[in-house]
Amino acid sequence: MATTYVSGDRKLVSCPVDVAYTILKGEMLEFVVDDVRALDEMGDSGTKAQNQAAARDLFIGVAAKSSTLGVPSSIPVATSGVFEFDCASATYEVGDLVGPTGTGGGGADGVSSSSVEAVAAANLAIGRVYKRVPVAATRVQVAIES
């Protein structure tokens, strides 16, 4: 299921998209040099924690519109607000730190651009849980922190 906007001031900014990349509405984005890309375009930094820390450092927000491959464009990016993301089945408390689902496998993408998981430290997080999930579920609402 796609990431969905829930509520709050999204603080939209217009960001350029390189013609070599496609961005889907709802993807978490990184800012690289002079344009935005989906977080899953980020290379593997090594361990899961290193991947999540690198993603946190580059995270700019959530795509409010899609882009088209090969077409130069700018898209609106939400730098704040509450979004509902996919996650592995788990429970969450309000305020829990979450980051993009990470990998630690060599050669694999470093993180997901559409799913999140609980993280142990703020330097790995892209936001905090906004709505309690007392029974294990596969969706969680997160107030993003760009």
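Legend: translational diffusion of the chain by Stokes-Einstein, Rh = Kirkwood radius over C-alpha pairs, 10 °C, 1.306 mPa s; D = 106 µm²/s.
Neighbours of Asp18 by Cβ distance under 13 Å: Lys/Arg scored +1, Asp/Glu scored -1, total -3.
Of all lysines in the structure, those lying under 24 Å Cα to Cα from Lys25, and not within fewer than 8 positions of it along the same chain, are Lys11, Lys65, Lys131.
If packing is taken as the average count of other Cβ atoms within 10 Å, what order do 133-139, 49-55 fall into, highest mean first?
49-55, 133-139
Annotation: the antiparallel percentage among DSSP beta bridges lying fully within region 11-146 is about 90.
Counting only alpha carbon atoms, the long axis of helix 48-58 and the longest principal axis of the chain meet at about 50°. Relative contact order of the chain, taken over Cα pairs closer than 8 Å and 6 or more residues apart, is 30 percent. Per-residue ellipticity at 222 nm, computed for the chain from helices alone with -39500 (n - 2.57) per DSSP H run of at least four residues, works out to -2500 deg cm²/dmol.
Computed from the coordinates by the stated procedures, all read-outs in this text should not be read as laboratory data. Remember, predicted model here, so these are calculated numbers, not experimental data. Cβ: placed from backbone, ideal geometry, glycine included. Neighbour counts: every protein chain shown.
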